[in-house]
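**Q** Before we start, here is the structure in question, set down as structure tokens.
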Amino acid sequence: MKIMQFFKAQKKEITNSNILDWEKLLSSNRRKNPDKTLKKVSVDKTDRTEIERDYDRIVFSAPVRRLSNKTQVFPLDENDTVRTRLTHSHEVSNLARGAGVSLCCNGFFNQSDVNDKRLLRDIPSLLATSGLVHDLGNPPFGHQGEEAIRVWFKKHLADKYKDKTCTPPIYSDFIHFDGNAQTFRLVTRLHAADGDYGMDLTYATLATIIKYPSLNNNLGPYKKAGIFYSEKEIAEDIWRHTGLNNHQRHPLTFIMEICDDIAYATIDVEDTIKKGYASFNDLKTWIISDSSIDKDFFESIYKTIDDKIADFNSRSEDKLTSDTTREVSMEIFRSIVINKLLSEATNKFNEDFISDSLEWKKQNEPSYYEISDNFKHKNELKCLKKFTAHYGFNNKEVLKLELSGGHYIKKLMDALWLGFENIDENLKGQNHYQKYIISLISKNYLREFKRAFKECKENKRDQELDYYRYQLMTDYISGMTENFLIRMHNEIIPLYENHISSR
């Protein structure tokens, strides 16, 4: 009898090893003290849970404030009603928090062992935090800024290693530089709120913000990397504490991902129209011409818009002007589309778990949140994105500003590298120019550089020394706002050119 019980227990253990554990996924421990036994306090008797504290740490941080001067769609825009990365991030955070409340209130976690009241506080807060964090590492000028960094490194590394057999594989972090990996680095390394632990966020929050749990030299199932080589051990520590496998997303990352997709697919359309690059009628014509979409999805929205405007005009002596009608129409359109898309996404997410009794196997992740074939409204989302690409991103004013931004970044990297190429952990420049460049850099960035560089030398990994010099440069560039980048470009480049000509 005891032998049979033993084998049953072993079978159960093997089966459950592939089931996600929500107690671990919502781990409130932090890297600074990973095994600390947290005091069990009723959620009714605490002002803030540990996960709620994460949101507070983020929202008051300098990297969040810098997003106010980083591009969402339109660079250096003087119209204060057009979104920046900051307003976009707050909107994604808002959608994600709402999705979390919906999941908690509609039975998503009924079969988990986690306290319901704790879920209702931690899940929405966790999602709100991940939404606010998701673009923190983006360089100035958005995706054009990322591409400028990649282009600079492709040329620089090709020249540097043209006489050798190959470029060290870890340098692919720069050839394929991505703001998502920089975000993870920022909150775990660079922000000095808690010494060597960055913002020292909970394991639950850190796991949720890893959009692509892969490295450039081992992408796994993902299209790009969300972790740099320098943060590999941190990511592995997070996966251990949350019960995730390598290359596996936290389930709530999918919710943050769809909220980001929905936000920029709809809100970028609104900003394109607000900028005057297209009209609401242009949008309707665009939608009609797309044969792949469900026309009823949008027709019902148009009817609601017409009804609301007609109702307002019937009750008011001052009828809406044509300009106000267009503006109100777009606002109602955006609101209803977001609601429809988000409702479908959370319902589908809910069904996936409930149908499998919350036993979402580690190797069986859904992919529909990346607008795959399994997402019901993928074509409607794509239609809206294509509209913004056609009328917004391809507008000549936008293209000109992005090209200028890319030029500023690449030229500034030339100047910065001349200051960084020979420095070590002592941070002593060999000439006045190098001393000047080092003096510009944040003490947080220099502290992390010194730590990593010293450790690299102690472990005799000399081929990696330039990795950390390059990383110091990308840390500095990525942390810049657009106005600051231009100011630094205009200040440094004349000094750089004088130094070059005098050598």
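**Q** Of all residues in the stretch 151-196, which are at pLDDT 90 or above, charged (D, E, K, R) and over 21 Å from E455 (Cα atoms)?
**A** K154, K155, D178
**Q** Still on this structure, please answer the following. Suppose we keep only residues that are part of a loop (DSSP other than H, G, I, E, B) and open to solvent by less than 60 Å² (accessible area, probe 1.4 Å) within the stretch 220-235. Which one would you say is farthest from R150 (Cα to Cα)?
**A** G220
**Q** Going by the structure shown, is D318 surrounded by fewer than 18 Cβ atoms within 10 Å (Cβ to Cβ), at pLDDT below 90 and of a type in the set (D, E)?
**A** Answer is yes for this residue.
**Q** Contact list please: Cβ distance under 8 Å, first residue in the stretch 147-165 and free of Cβ contacts under 8 Å to residues at least 60 places away in the same chain and within 20 Å of D178 (Cβ to Cβ), second residue in a helix (DSSP H, G or I) and among the aliphatic types (A, V, I, L, M), pairs at least six apart or on different chains.
**A** Once the first residue is free of Cβ contacts under 8 Å to residues at least 60 places away in the same chain and within 20 Å of D178 (Cβ to Cβ) and sits in the stretch 147-165, its partners that are in a helix (DSSP H, G or I) and among the aliphatic types (A, V, I, L, M) give R150/I175; K154/I175; L157/I175.
**Q** Going by the structure shown, is P213 outside any helix (DSSP H, G or I) and open to solvent by less than 10 Å² (accessible area, probe 1.4 Å)?
**A** Yes.
**Q** Can you tell me which of (1) within 28 Å of L25 (Cβ to Cβ); (2) assigned to a loop (DSSP other than H, G, I, E, B) is the one F177 doesn't meet?
**A** That leaves (1) as the condition not met.
**Q** Listed residues V101, V114; which is of a type in the set (A, V, I, L, M, F, W, C) and at pLDDT below 85?
**A** Answer to the check: V114.
**Q** Hey, among the residues in the stretch 158-183 that are surrounded by fewer than 22 Cβ atoms within 10 Å (Cβ to Cβ) and among the aliphatic types (A, V, I, L, M), which one's farthest from G137 (Cα to Cα)?
**A** A158
**Q** Taking only the stretch 392-410 into account, find how many residues are open to solvent by 50 Å² or more (accessible area, probe 1.4 Å) and either at pLDDT 90 or above or in contact with a His (Cβ under 7 Å, 6 or more places away or on another chain) (or both).
**A** Residues meeting the conditions: 3.
**Q** Of the numbered conditions (1) β-branched (V, I, T); (2) closer than 30 Å to K340 by Cα; (3) free of Cβ contacts under 8 Å to residues at least 40 places away in the same chain, T388 satisfies every one except a single condition; which is it?
**A** (3)
Per-residue answers, yes or no, for (1) within 27 Å of G179 (Cβ to Cβ); (2) touching a residue at least 24 places away in the same chain (Cβ under 8 Å); (3) open to solvent by less than 30 Å² (accessible area, probe 1.4 Å); (4) part of a loop (DSSP other than H, G, I, E, B):
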| site | (1), (2), (3), (4) |
| --- | --- |
| L412 | yes, yes, yes, no |
| W417 | yes, yes, yes, no |
| L427 | yes, no, no, yes |
| Q430 | no, no, no, yes |
| S439 | yes, no, no, no |
| N444 | yes, yes, no, no |
| K450 | yes, yes, no, no |
| K454 | no, yes, no, no |
| K460 | no, no, no, yes |
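**Q** For the stretch 5-19, state whether one or more residues are surrounded by 12 or more Cβ atoms within 10 Å (Cβ to Cβ) and either modelled with pLDDT of 65 or more or touching an Asp or Glu at 6+ places or on another chain (Cβ under 7 Å) (or both).
**A** Yes, some residue in the stretch 5-19 is surrounded by 12 or more Cβ atoms within 10 Å (Cβ to Cβ) and either modelled with pLDDT of 65 or more or touching an Asp or Glu at 6+ places or on another chain (Cβ under 7 Å) (or both).
**Q** Next up: With (1) over 22 Å from K376 (Cβ atoms); (2) open to solvent by less than 50 Å² (accessible area, probe 1.4 Å) as the list, and R249 as the residue in question, which single condition is left unmet?
**A** Tallying (1) over 22 Å from K376 (Cβ atoms); (2) open to solvent by less than 50 Å² (accessible area, probe 1.4 Å), R249 fails exactly one: (1).
**Q** Let me ask something else about it. Of the conditions (1) at pLDDT below 75; (2) more than 30 Å from F393 (Cα to Cα); (3) buried (at least 18 other Cβ atoms within 10 Å of the Cβ); (4) not polar (S, T, N, Q), F74 clears all except one; give me its number.
**A** The single condition F74 does not satisfy is (2).
**Q** Shifting gears a bit: Of these, L206, L186, L201, which one is among the aliphatic types (A, V, I, L, M), open to solvent by 10 Å² or more (accessible area, probe 1.4 Å), within 26 Å of P124 (Cα to Cα) and under 16 Å from the mean Cα position of the chain (by Cα)?
**A** L186
**Q** Return the only residue of E370, E351, E299, E331 being modelled with pLDDT under 85, more than 25 Å from the chain's Cα centre (by Cα) and among the charged types (D, E, K, R).
**A** Checking each option against the conditions leaves just E351.
**Q** Going by what's in this entry, would D290 be described as in contact with a Gly (Cβ under 7 Å, 6 or more places away or on another chain) and open to solvent by less than 70 Å² (accessible area, probe 1.4 Å)?
**A** no
**Q** Another one. Filter the stretch 257-307 for residues that are in contact with a His (Cβ under 8 Å, 6 or more places away or on another chain) and under 14 Å from I338 (Cα atoms) and give the result.
**A** D260, A263, Y264, I267, F297 - these are the residues of the stretch 257-307 that are in contact with a His (Cβ under 8 Å, 6 or more places away or on another chain) and under 14 Å from I338 (Cα atoms).
The values are calculated or read from the model by the stated rules, or taken from the named source; none is laboratory data. Note that the structure is a prediction, hence the values are computed from the model and not measured. Cβ atoms come from the backbone with ideal geometry, glycine included; neighbour counts cover every protein chain shown. Heads up: the accessible areas ignore ligands, DNA and RNA and are worked out on the full protein's heavy atoms, side chains in. Shrake-Rupley method; radii C 1.70, N 1.55, O 1.52, S 1.80 Å.
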